[in-house]
1. Beyond 18 Å between alpha-carbons counts as too far, so tell me which of A:K238/A:K282; A:K54/A:K161; A:K185/A:K282; A:K56/A:K136; A:K54/B:K69; A:K87/A:K287 fall in that bin.
2. Rounded to the nearest percent, how much of the accessible area of the range B:13-163 (1.4 Å probe, protein heavy atoms only) is carbon and sulfur?
3. For every helix of n ≥ 4 consecutive DSSP H residues, a contribution of -39,500 (n - 2.57) applies; sum these over chain A, divide by its total residues, and give [θ] at 222 nm rounded to the nearest 500 deg cm²/dmol.
4. Dividing the Cα radius of gyration by the Kirkwood radius, what Rg/Rh value follows for the range A:4-152?
5. Computed from the mean reciprocal separation of all distinct C-alpha pairs, what Kirkwood hydrodynamic radius does the range A:90-245 have, in Å?
6. Please give the peptides B:96-104, A:172-180 ranked by average Cβ packing (other Cβ atoms within 10 Å per residue), highest first, as a rough proxy for protection.
7. DSSP loop chymotrypsin sites (Phe, Trp or Tyr not before Pro) in the range A:5-84 with at most 13 other Cβ atoms within 10 Å of their Cβ, which ones?
8. Could you provide, to the nearest whole Å², the per residue accessible area of the range B:90-160 with probe 1.4 Å?
Amino acid sequence: MYNIKEYYEAATLEEATELLAANPNLTIIAGGTDVLIKMHHGQIEKAELLSIRKIKSLQGIRKLEDGTIIIGPLTTFTQVVNDPVIKDNIPVLAEAALSMGGPQIRNVATIGGNICNGATSADSASTLFALNARLKLQSKLGERVVPIQEFYLGPGKVDLKAGEILTEIIVAPGDYQGYGGHYIKFSMRKVMDIATLGVAVICKIKERNIFADVRIGLGVAGPTPLRCREAEAFAKGKTISRETIAEIGKLAVKSTKARTSWRASKEYREHLVEELTQRALKAAIVKAGGEEIA
Amino acid sequence: MKPVPRIKLKVNGQEYQVEVPADITLLELLREYLSLTGTKEGCGKGECGACTVLMDGQAVNSCLVPAAKAEGSEVLTIEGLASPDGRLHPLQEAFISEGAVQCGFCTPGMIMSAKALLDQNPHPTREEIKVALSGNLCRCTGYAKIITAVEKAAAMIAGEGRG
Ligand SMILES: Cc1cc2nc3c(=O)[nH]c(=O)nc-3n(C[C@H](O)[C@H](O)[C@H](O)COP(=O)(O)OP(=O)(O)OC[C@H]3O[C@@H](n4cnc5c(N)ncnc54)[C@H](O)[C@@H]3O)c2cc1C
Ligand code: FES
Ligand code: FES
């Protein structure tokens, strides 16, 4: 039993933006795996829900001729895991998606809901941060595109203005082509658990053993997912070695704002960041075509 | 609270039209409006899998599906697995013969998750079975027998040529 006052079902994006413009109290519901839990816990009361689930234009994943990949926000985690475009082009995102929830949750939960919910632990977010994903937001008044890094404002807070719907998650060809990536979800239980730390690393290699680019996205290392800019800047142009990788791990900690919670202490989280960034980077190097570093 | 103007859905092959309040879940619709009490409520918030049913062929937690969302869908519950003549589904037989049931509370959900797996992947490895059941908790059996039961059911289905 949920405290649902109204349940609207929009068939098209136009209908959804019209309804949102007319009724600012509406809460968008996609898979509902966050919204319904919040209602269960009484964080949302007497909800007026607007289901966008049936809007065709927000579903599915496609690759444009120029290589740009457009992920519809209603794509479920199961679909991300199995999608040929993702598997062939951004397998690290499929890895991250598979680490999320259990099968029943993945069958229902959407990637758009994962982002819009604003949790620092969102399993798709750290990878999308590393990929410099951009988000298209549409309202009755028009549309805008924002980098995902700017979309996250604080814990559970995203830059979604009244009446706006996330309509596209966009990954540019320059942000995935030639990169290898790896995602590590560290949690207390192997499955069905929220991450204690999520680490997404993608990297590109030139001249066999030089970092052309390294990008590190972390979840649960601060109030929002974040990038480790200092470590990334250091890595660029460096020869790949155990020492370089160790230094990247150390520098990654500098970008974090870890805190103590019941899941883990600040010190433990920082230790995890240093260690898991190195492990994820080592795996990413191999996937980018580099040699294995023990 | 406004009544949803009648939800039409198919459950276990049978068409239903039910008038329900706007705020109930598919789980409540099944148990309280259709008296299909095989589907269990454990946690009520997506964590345990006791309420697992197949919705349009996919395993979902029915406690996280607002009834209104089930409009037009096809739902399969544990009651729909046996043949009309009462013959049990191989998964049900294997759970019994392997001793994969103790208190039985998790069993309907386990079997429905396993059914979703075998429909898509008739010859799963133990590892694939573990992943498919990772959203279902059991307090009693320790899982080994459950996984073995699913393996056995897969072999039975392959032998019999039935799903
Ligand atoms: C048992 C369980 C386990 C879970 N495990 C994990 C896990 O391991 N990792 C993880 O990251 N998460 C996990 N979650 C959280 C949740 O499943 C995910 O965040 C999921 O991706 C949310 O997607 P949804 O479609 O269900 O979102 P919804 O609940 O429908 O929506 C979430 C929020 O986003 C808004 N919204 C949704 N779509 C749009 C849109 N297109 N435009 C604008 N706003 C929108 C909604 O208004 C709402 O505020 C778990 C949840 C449960 C219940
Ligand atoms: S009752 Fe639905 S998952 Fe526990
Ligand atoms: S048999 Fe008792 S919970 Fe699984």
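The values are calculated or read from the model by the stated rules, or taken from the named source; none is laboratory data. The model shown is predicted, which means the values in this text are computed figures rather than measured ones. Ideal geometry is used to build each Cβ from the backbone, glycine not excepted, and the neighbour counts take in all protein chains shown. Note: areas computed on protein heavy atoms with side chains; ligands, DNA, RNA excluded. Shrake-Rupley method; radii C 1.70, N 1.55, O 1.52, S 1.80 Å.
1. A:K54/A:K161
2. Summing carbon and sulfur atoms, their accessible area is 50 percent of the total for the range B:13-163.
3. -9500 deg cm²/dmol
4. Answer for the range A:4-152: 0.96.
5. Every distinct Cα pair counted, the radius reaches 16.3 Å.
6. The most tightly packed comes first, giving A:172-180, B:96-104.
7. none
8. Per-residue value: 45 Å².
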